[in-house]
Amino acid sequence: MIARIIALIVAILAAFAAVVVGLVAFSRPPEQPQPAADESLDFSAAISQDLAGLPEPTSWTARDGTALVYRRYDREGTGGRVVILVHGSGWHGMQFHAMASALARRGLATVIVPDLRGHGRDPERRGDVDHIGQLEEDLADLIGHLRALGLDGHMVLGGHSSGGGLVIRFAGGPFGKIADGFLLMAPFLKYDAPTTRPNSGGWARPATPRIIGLSILNGLGIAGFNHLPVISFAMPRSVLDGPLGATATTRYSHRMNVSFAPRTDFGADLAAMTAPFLLVAGAKDEAFIAEAYEVTIAEHTDAGSYRVLPGISHLGIVTDPAAINAVATWLATLPRND
């Protein structure tokens, strides 16, 4: 009798293992999705920016010894305030040139714009990190680097799209209290959050069975397959064939994909956001439902202010003058050191 029970348990475990292996092995994201005109994000605002005056990148060293880069927008009279802007999935810090230039020019902040690990012009491994949570460590190290340079004023951590999701994750993690405020620009919450359109409006092409299989393995403490790609992005040909095409990142590993988003219980991360924050989104956002942000987020935290701006798209929210003015108005209400 005992032998039969053991044999049955072994058979069930073997079948379970076979299912998980099948999910991981036979599901993969497309190499390079080719979106139709209405199946992805409108990158025209991102690639038509005037990049005159773009600062040269500055190198800094993360805790694991990796050299990463950021651009610094500065002028006197900021009152010591610092704003870090984190780019969205597939792209890099240059998306913030118009916003960062305007905020610095108005004396509202020293603006720091990093290219996250795995992104930008020449990353060590495009679309990948070493372990889940490394992007949070990098942001904490960047803040420590800036403090060591004497930038010790009010620190605002901001992000767009997946970058906004990373900011929420950061707030809910071990480093959350080192930021004094948060700026969320059309942030990603979760694939099935009330704010998210199906597949983020056609932008995201996930290998869902593989993600499920890897999530099961990680729940069992098995992380050895987290380097596998699990999602690709429908980057328009206008970007890939243009002068910045080589800087695009079109696929993420599992560990990058998890690191670049709030935790599964995104409400717990939101509940940790007790410092003041602004959420700004465009009414014409192709990836997210802007009107759903406040009712979804306010359930977990009362620290936020919300602006939904008419006529602005997902990527336009970081370049449109009305969005930049909304951010500037909010920043002007925050503490200064002078």
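Net charge near Ile312: determine it from the other residues with C-beta under 15 Å of the C-beta of Ile312, scoring Lys and Arg +1 and Asp and Glu -1.
With Lys, Arg at +1 and Asp, Glu at -1, the net is -3.
Students often get this wrong, so try it: which of [x] 133; [y] 143; [z] 171 is volume of the Cα convex hull per residue in Å³ as calculated from the structure shown?
It is the value labelled [y].
Once you've got the GNM for the chain with C-alpha springs shorter than 10 Å, pick whichever of Gly219, Gly159, Gly88 has the biggest mean-square fluctuation.
With Cα springs under 10 Å in the chain, the top fluctuation among Gly219, Gly159, Gly88 is at Gly219.
For Ile216 and Ile2 in one chain, what is 0.36 nm times their gap in residues minus the Cα-Cα distance, to one decimal in nm?
Details: separation 214, 0.36 × 214 = 77.04 nm, distance 2.85 nm.
Length gained, Ile216 through Ile2: 74.2 nm.
Measure nothing fancy, just the Cα-based angle from helix 2-25's long axis to the longest principal axis of the chain, in degrees from 0 to 90, nearest 10.
Roughly 40 degrees, rounded to the nearest 10.
Quick one: net charge around Thr333, please, counting Lys, Arg +1 and Asp, Glu -1 for every other residue with C-beta under 15 Å from its C-beta.
Working: positive: Arg81, Arg106, Arg307, Arg336; negative: Asp180.
Residues near Thr333 contribute +3 overall.
Assuming a ≥ b ≥ c are the square roots of the Cα gyration tensor eigenvalues, decide whether region 172-291 counts as rounded (a/c under 1.5), prolate (otherwise, with a/b larger than b/c) or oblate.
Values: a/c = 1.64, a/b = 1.06, b/c = 1.54.
In terms of gyration-tensor shape, oblate.
Can you give the calculated 222 nm mean residue ellipticity of the chain, where each DSSP H run of n ≥ 4 adds -39,500 (n - 2.57) and the sum is split over every residue, rounded to the nearest 500 deg cm²/dmol?
Numbers: 11 runs with 107 residues, N = 338.
The per-residue figure over the chain is -9000 deg cm²/dmol.
Dipole magnitude of region 58-166 about its Cα centre, charges +1 at Lys/Arg Cβ and -1 at Asp/Glu Cβ only, in debye to the nearest 20? Let's see the in-between values first.
Details: 12 positive and 13 negative charges, 104 e Å.
In total the dipole reaches around 500 debye.
What is the local net charge at Pro55, summed over the other residues whose Cβ is closer than 15 Å to its Cβ (Lys, Arg +1; Asp, Glu -1)? Provide the component values of the computation, followed by the final result.
Values: positive: Arg71, Arg72, Arg75, Arg105, Arg121; negative: Asp50, Glu56, Asp74, Asp115.
Charge balance near Pro55 sits at +1.
Using a Förster radius of 25 Å, what is the FRET efficiency between Tyr191 and Ala271 based on their Cβ-Cβ separation? Nearest 0.05, please. Don't skip to the end; give the middle numbers.
Working: r = 20 Å, r/R0 = 0.80.
Efficiency, from the Cβ-Cβ distance: 0.80.
Residues of region 95-126 with the amide nitrogen closer than 14 Å to a label point 7 Å from the Cα of Ala246, along Cα-to-Cβ, please.
120-123
Say we join alpha carbon atoms closer than 10 Å with springs in a Gaussian network model of the chain; which of Asp115, Asp241, Asp130 then has the biggest fluctuation?
Asp241
Using 7 Å Cα-to-Cβ label points, what is the Ser59/Val295 separation (nm, one decimal)?
If labels sit at Ser59 and Val295, their model points lie 5.1 nm apart.
Any idea how far apart Asp180 and Ala322 come out in nm if each label point goes 7 Å out from Cα toward Cβ?
Modelled inter-label distance: 3.1 nm.
Taking a ≥ b ≥ c as the square roots of the eigenvalues of the Cα gyration tensor of region 180-219, is the shape rounded (a/c under 1.5), prolate (a/b larger than b/c) or oblate? Please list the in-between numbers first.
Working: a/c = 2.98, a/b = 1.49, b/c = 2.00.
It comes out oblate by the Cα gyration axes.
Please build a GNM for the chain, connecting alpha carbons under 10 Å apart, and tell me which residue among Val295, Val280, Val83 fluctuates the most.
For the chain, modelled as a Gaussian network with Cα springs under 10 Å, the answer is Val295.
For the pair His227/Arg106, report the inter-label distance in nm, with labels modelled 7 Å from Cα in the Cβ direction.
My value for the distance between the label points is 4.6 nm.
Using unit Cβ charges (K, R positive; D, E negative) and no other charged atoms, how large, in debye to the nearest 20, is the dipole of region 226-338 about its Cα centre? Intermediate results must be reported in sequence, preceding the final value.
Numbers: 7 positive and 11 negative charges, 82 e Å.
The calculation lands at about 400 debye.
As I understand it, the dipole of the chain uses +1 on the Cβ of Lys and Arg and -1 on the Cβ of Asp and Glu, about the Cα centre. Which of Gly127, Tyr293, Ile2 lies farthest toward its positive end?
Sorting the options by dipole projection puts first Ile2.
Mark the label point 7 Å from the Cα of Arg121 along Cα→Cβ and return the residues of region 229-264 whose backbone N is within less than 15 Å of it.
Flagged as within label range: 243-248.
Taking GluC sites (Glu not before Pro) as exposed when DSSP calls them loop (any state but H, G, I, E, B) and at most 10 other Cβ atoms lie within 10 Å, what is the longest stretch of the chain free of them, the sites themselves excluded? Provide the component values of the computation, followed by the final result.
On the way: sites that count: Glu31, Glu76.
By the stated rule (loop sites, at most 10 other Cβ atoms within 10 Å), 77-338.
Where nothing but the Cβ of Lys and Arg (+1) and of Asp and Glu (-1) is charged, how large is the charge dipole of region 2-331 around its Cα centre, in debye to the nearest 20? Let's see the in-between values first.
Numbers: 26 positive and 31 negative charges, 95 e Å.
So the dipole magnitude of region 2-331 works out to roughly 460 debye.
No lab work stands behind these numbers, since they all come straight from the coordinates. These figures come from a predicted structure and were not determined experimentally. In this analysis, Cβ positions are derived from the backbone assuming ideal geometry, glycine residues included, and neighbour counts consider all displayed protein chains.
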